[in-house]
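Encoded as structure tokens, the structure appears first; notes follow it.
The values are calculated or read from the model by the stated rules, or taken from the named source; none is laboratory data. Note that the structure is predicted; figures quoted are calculated from it, not measured. Using ideal geometry, Cβ is built from the backbone for each residue, glycine included, and neighbour counts are taken over all protein chains shown.
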Amino acid sequence: MTAKIKKNLPISDTSEWTFDLIEKYHTEIERIAKNFGLSTYPVQLEIITAEQMMDAYSSVGMPLGYSHWTFGKEFVNTEKNYKRGQMGLAYEIVINSDPCISYLMEENSMPMQALVIAHAAYGHNSFFKNNYLFTTWTSADSIIDYLLFAKNYIAECEIRYGEEAVENILDSCHALKNFGVDRYKRPPKLSMQEEKNRQQEREEYLQSQVNELWRTIPDKAKNNSDEKEFRYPSEPQENILYFIEKHAPLLEPWQREIVRIVRKIAQYFYPQRQTQVMNEGWATFWHYTILNQLYDEGLCTEGFMIEFLQSHTNVVSQPSFDSDYYSGINPYALGFNMMTDIRRICENPDDEDREWFPGIAGSNWIETLDFAMRNFKDESFIGQYLSPKLIRDFKMFAISDDDKNRQIEVSAIHNSAGYQTVRSTLSEQYNLGSIEPNIQVYSVDAKGNRSLTLRHTQHLRRPLDKSAYEVIKHVARLWGFDVKIESIDENEKIIKSYECSPPK
Amino acid sequence: MAQIVDRRLNGKNKSAVNRQKFLRRFRKQIKKSIENVISERSVTDLDKGEKISIPKKDTSEPFFHHGQGGHRDIVHPGNKEFHQGDKIPRPQGGGSGQGEGSEASDSGEGEDDFVFELSREEFLQFFFEDLELPNLVKTQLSTITETRKVRAGHTSEGMPSNINVVRSLTGAMGRRIALRGPYKKEIKEIELELDNLLKRHNETDPVIINLRERITYLKGRIKRIPFIDSFDLRYDNRIDQPVPTTQAVMFCIMDVSGSMGREEKDVAKRFFMLLYLFLTRTYEKIQIVFISHHTIASEVDEETFFYSRETGGTVVSSALKLMASIIQDRYPTNDWNIYAAQASDGDNWHNDSKICVELLNKEIMPFVQYYSYIEITSDRHQNLWEEYTDIQSNWDNFAMEKIEKISDIYPVFKKLFQKHDA
């Protein structure tokens, strides 16, 4: 444990912030973070107003979003809640970019600014820089440029082709954005210069490719015999937007470019969707650890700590399932407690820990946490590190809900018989692969009416929500010809299908 | 070392474009919501923002996701009494349990509504757009100016009642001092000379007697200086300065006989609202008098005006009589700008229309700034219209139009007021 040497004077004793104070606190926080071995992108702190925070918040934290009504809706909603006082504004927004941009809101007090610096500019920042999903799938050094390119390109399209036409395409792409990511193949790096240079080239190339597909259609007379063999695509495609970008017969080049933009941005956010618990847990763990260190060194006052702790406690609270405030498991609470628990297992393991975590019990906690941060996503992180002690602390229980039964069943609780089940169930709960329906491009009737068939492979008999019909309309708009979606069960039997023609 | 950037002065309305896009996208729903709002609003209550609620399902964006059903396993925190294998009834709201529970709302808004605030400008924009009314607000009514007496120094001529006593007396005193001066000086000199002479001569000396007479003469002159002279008088000066009259009264006259249905009343209400809005741009203070009539007219409050429904025939002149008498009693024309808007389906007891024309010509039109009549009917013109056509040709400040449906209001309104400008 750190020795409590109160040799320093607190940096400040009021809750007002100044640029000077931010710099001083930042210097100390940076020093402490480095001592703990956090490796980060350079930090850029930006002071903004509450209104600007609302702007940023409603464009999913993108500093330069292209314009679209859905962001307006978010803004209207955020503003309403903020004015009503229902919601404090999110006090941190941090951009996965190099340098890492972190927003500090003008209205916040000094302790809150310090918290945000520690949380976002060091916690999230180091996660962005080192987690394998982020290093593999995102290019922090070029995202800002790409967003700028996207914003300008879309604005230009609005002028050239009309706002409505652009809005239609964007609406349709947004409906599919979760199906516009490559899950296994690393995407090429983004760069604005490259994008610009290549864009013209690509427009021509894409168009020629599309034509190629339709040109290689065998003659009618010839293919009657081998109807079974000819299937396009030869393998089902999981990236629906990519497939549309490359193969939709009727899209204009600029429309393909917009499909690509939505796809690229979805890809950029894909790792964040898979690491919510870890990312927030990591950042929360570090703001807690760093600010406590700050206090131990006598650099901040008790009032400072009380304000910080109050905010921290709110963030990591976990209402139980029967509470009015319950809305699922709080990723901050779960993540923070797991990180803290790993440290505990390293520093003060008991017999249970030694049995469950022989590899890390008693190891160096900084190295162990660092390893966990780098090499996992939520699903595997929970599967690997959720300890029996935490399951007991959270009093977790697993429910098995099958619509074949009239009642739901408690399949496991926080006892030795249940730990494994609870852990694997919770882990599965963060598996995007099973949260999202499995829908792939199955075939294109290339020689017939050019219709596109999507296939939904049911997982545990879960049906698609009704809104799928709306999504199919959007797919039809992009594809330009009829689109069919089929749901198949475990035996590959089609149990439901729905067809839609493109809008005239 | 971190870079600290102060972005506070950067544009803060980055979302304004998106907000506009949002409003444009849901124009139809917002308009509908505004229509509901308007029917609930008071006529004078038009000029502010509004809370708009539109169905949430319209604003939601679809995406592929699982619906209810099938099998799923979920972990929840906070177990108190469950044991492995317990069977419990499925909670309402489906099996997901992931935050799809009730979001309690204290303001009584349904969960199915997306509620937000329109600013005043946006509200007016939508309101006018609804009436296809782009630039009404920019049009300026030519304001009739009223003069007011203001002080403007003093004059030497005027009415006795305006004499400024202090000024006059000050002037008089100055004049007296000025006029007395030479005499007093001479008296002083003579007295000095007398003193010298008396040392050598006695009183009977003719020189001395002469001097004494001179003193008596001069003292007489001094005495004869008037205490106040006519040209001492100063009068407070007041001049006429043109000032716009800042108050206006608006008469809303509506036929509430059985033939006016809810729809017609709604059209009338919008028209009155427009006129009110129009006037608020020009006048500081506006009063509204609601006169409803069937066979007899009465002054009513707004609620009654728009929502009560009477049956029976129609005698328009009763309302005009009432209006004329209210003008006489309460709204002297030099203090008030009087506007009137009359809405009717044009149906009138046919002998009465002539009386109306008479009343308008003699007792109303000379006193009002503007009188507009709208006939709300989809039929052909009714008898009141024919009679009013005469008035229109006689008076510049009279206008009438026919409105069939809500969307006619603005063009009609514009026409009415353009004519006035001409």
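For the stretch A:360-382, the criterion of being more than 19 Å from residue A:278 (Cα to Cα), surrounded by 17 or more Cβ atoms within 10 Å (Cβ to Cβ) and either touching a residue at least 24 places away in the same chain (Cβ under 8 Å) or at the interface with chain B (Cβ under 10 Å from one of its Cβ atoms) (or both) is met by no residue.
A count restricted to the stretch A:481-493 and to residues that are assigned to a loop (DSSP other than H, G, I, E, B) and in contact with a strand residue (DSSP E or B) (Cβ under 9 Å, 6 or more places away or on another chain) stands at 5. Scanning the stretch A:259-285 for residues that are farther than 24 Å from residue A:426 by Cα and either of a type in the set (A, V, I, L, M) or in the same structural domain as residue A:95 (by TED's automatic domain parsing) (or both) returns A:259, A:261, A:262, A:265, A:266.
Report whether or not residue B:391 is part of a helix (DSSP H, G or I) and under 23 Å from residue B:276 (Cβ atoms). Taking the combined requirement at face value, the residue does not satisfy it. Among the residues of the stretch A:290-310, none qualifies, meaning not one is at positive phi and either within 29 Å of the chain's Cα centre (by Cα) or among the aliphatic types (A, V, I, L, M) (or both).
Which condition number does residue B:297 fail, the rest of (1) at pLDDT below 85; (2) assigned by TED's automatic domain parsing to the domain that holds residue B:383; (3) not polar (S, T, N, Q) being met? So the condition that residue B:297 fails would be (1).
Listed conditions (1) touching a residue at least 60 places away in the same chain (Cβ under 8 Å); (2) within 22 Å of the chain's Cα centre (by Cα) are all met by residue A:101, apart from (1). Considering only residues in the stretch A:31-46 that are within 15 Å of residue A:287 (Cα to Cα), of a type outside the set (Ser, Thr, Tyr) and in a loop (DSSP other than H, G, I, E, B), the one that is nearest to the other protein chains (Cβ to nearest Cβ) turns out to be A:38. Look at the stretch B:60-87: where a residue is at the interface with another protein chain (Cβ under 7 Å from one of its Cβ atoms) and of a type in the set (Lys, Arg) and a partner is in a loop (DSSP other than H, G, I, E, B) and surrounded by 15 or more Cβ atoms within 10 Å (Cβ to Cβ), sitting 6+ places away or on another chain with Cβ atoms under 7 Å, you get B:72/A:462; B:72/B:95. Restricting B:378, B:372 to those that are touching a residue at least 60 places away in the same chain (Cβ under 8 Å) and among the small types (Gly, Ala, Ser) reduces the list to B:372. Here's a check for you: in the stretch A:318-356, which residue that is more than 17 Å from residue A:426 (Cβ to Cβ) and hydrophobic (A, V, I, L, M, F, W, C) is surrounded by the fewest Cβ atoms within 10 Å (Cβ to Cβ)? That would be A:346.
Within the group A:297, A:302, which residue is surrounded by fewer than 24 Cβ atoms within 10 Å (Cβ to Cβ), in contact (Cβ under 8 Å) with a residue 60 or more places away in the chain and of a type in the set (Asp, Glu)? Answer to the selection: A:297. Candidates in the stretch A:98-119 are the residues that are more than 10 Å from every other protein chain (Cβ to nearest Cβ) and of a type in the set (Asp, Glu); of these, the one that is nearest to residue A:16 (Cα to Cα) is A:107. Among the residues of the stretch A:419-442, is any farther than 30 Å from residue B:85 by Cα, more than 12 Å from every other protein chain (Cβ to nearest Cβ) and either in contact with a helix residue (DSSP H, G or I) (Cβ under 9 Å, 6 or more places away or on another chain) or touching a residue at least 24 places away in the same chain (Cβ under 8 Å) (or both)? Yes: the stretch A:419-442 contains one or more residues that are farther than 30 Å from residue B:85 by Cα, more than 12 Å from every other protein chain (Cβ to nearest Cβ) and either in contact with a helix residue (DSSP H, G or I) (Cβ under 9 Å, 6 or more places away or on another chain) or touching a residue at least 24 places away in the same chain (Cβ under 8 Å) (or both). Screening residue A:307 against (1) free of Cβ contacts under 8 Å to residues at least 24 places away in the same chain; (2) crowded, with 18+ Cβ neighbours inside 10 Å leaves a single unmet condition, (1).
Only residues that are more than 23 Å from the chain's Cα centre (by Cα) and either facing chain B (nearest Cβ under 7 Å) or buried (at least 20 other Cβ atoms within 10 Å of the Cβ) (or both) were counted across the stretch A:47-60, and they come to 4. Checking every residue in the stretch B:268-281 against the condition of being buried (at least 20 other Cβ atoms within 10 Å of the Cβ) and either in a loop (DSSP other than H, G, I, E, B) or polar (S, T, N, Q) (or both) gives zero matches. In summary, helices (runs of 4 or more DSSP H) completely within the stretch A:365-472 and bearing 3 or more residues that are within 28 Å of residue A:271 (Cα to Cα), over 21 Å from the mean Cα position of the chain (by Cα) and not hydroxyl-bearing (Ser, Thr, Tyr) occur at A:365-375, A:388-394, A:419-429.
Of all residues in the stretch A:383-411, which are touching a helix residue (DSSP H, G or I) at 6+ places or on another chain (Cβ under 8 Å), under 22 Å from residue A:345 (Cβ atoms) and within 11 Å of chain B (Cβ to nearest Cβ)? Result: A:386, A:390, A:391, A:393, A:394, A:396.
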